[in-house]
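A short write-up of the structure that comes next.
Coordinate-derived values only; no laboratory data. In this text, all values refer to a predicted model and were calculated from it rather than measured experimentally. Backbone-built Cβ (ideal geometry, glycine too); neighbour counts: all protein chains shown.
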Amino acid sequence: MIRLAVLLAALLVSANAFAQNRHGLDLVTSLSSDVISIQSNFTGTEIVIFGQAQNIVRQPNDPSGYELAIVVEGPPQDITTRRKGRFLGVWVNREAERFQNVPSFYAVASTIDIGNMANRTVLDELGIGLNHINLAVSGVSNVPLADRDDFRRAFVRLREETGLYSEQETSITFLTDTMFRTNIPLPANIPVGKYKVKSFLFHHGDVVSQTEQTLDVAKTGFEQITFELAQNYPLVYGLLAVALAIFTGWLAGVIFRRD
């Protein structure tokens, strides 16, 4: 409770993000932490997003009033989804679809069902909701056009199963008439990089105010050293890995050698 009070006070006094608005409305948001450190014992965590929507009168459970959506996006990646099929009685990879510059992590929280928040065009443009993420495919594809929707659904489903994609409708809680909070879970396999935290305030289906913040997810300690070595100096990393394997094998032979 003390931590919550401190965070709320900080939010009121000096917020991290202020709104871009068109209706004189002030949307202010703040993160419980803007840096997530990943170490060897990292098993996942969550971030808390606080905010205040000033100068509004919101009626709970009123779809025609003011509603909120918060999106957390990881750095973009190129990801391939494959479909298996039988060949001579053996399951093998057949068709594959490569999605370009898709979020490596995606989570959305909202006050109401996302489909009731705005029309599809607005949601597609802003990328709010798992059904509205822009999943652009590569120019070269061996997937028939009639099957591409199946690959899209399979891609989203697999990312949900690993905890990297999530949709939490009606999960934003209003602490007062104007102050709100929500929790976004971050799984143990979360990719490193810079994340975007975007908040949207809707009124009658239109975005009347929005904010954007950044969140850093980074490895620390020995994990960071090995990660940077593998990324920037792959040859050195490979040679060290081979040398370590040889040394470990020799040491095991010495320890367990029978006279």
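Computed from label points 7 Å out along Cα-Cβ, the spacing between residue 134 and residue 251 is 5.0 nm. The calculated FRET efficiency for residue 113 paired with residue 212, based on their beta-carbon distance and R0 = 30 Å, is about 0.80.
Does the stretch 116-198 come out rounded, prolate or oblate by the C-alpha gyration tensor, with a ≥ b ≥ c the root eigenvalues, rounded set by a/c under 1.5 and, if not, prolate when a/b is larger than b/c and oblate if not? In terms of gyration-tensor shape, prolate.
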